[in-house]
């Protein structure tokens, strides 16, 4: 896994490696370019967590997402107090404490 100091660096590095599209969270899926990707339609290849040194609203997670159809992109979301609402199933898919 790569090491990045900022969200901007992570996004630039992932884009250089082919993760060029932007995914958005919906309650039970991800959306990209008008396409819906249900939980079983994508995998998280990598993730990077950033903690705000002085401002909790700066806390974010950058996910490298690959769909089962070959679509590659990034999802940026907050966590903690700034985390967005999502289903329990989607939260499980995106959890940060996975082993392996």
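Things worth noting here:
- Scanning segment 1-18 for residues that are surrounded by 14 or more Cβ atoms within 10 Å (Cβ to Cβ) and within 19 Å of residue 67 (Cβ to Cβ) yields 11, 14, 15.
- Verdict on residue 61 being at pLDDT 95 or above and closer than 20 Å to residue 8 by Cβ: no
- Residues that are surrounded by fewer than 17 Cβ atoms within 10 Å (Cβ to Cβ), more than 21 Å from residue 93 (Cβ to Cβ) and in contact (Cβ under 8 Å) with a residue 40 or more places away in the chain do occur in segment 19-37.
The values are calculated or read from the model by the stated rules, or taken from the named source; none is laboratory data. Just so we're clear, the structure is a prediction, and the values are computed from it rather than from any experiment. With ideal geometry, Cβ positions are generated from the backbone for all residues, glycine too; neighbour counts draw on all protein chains shown.
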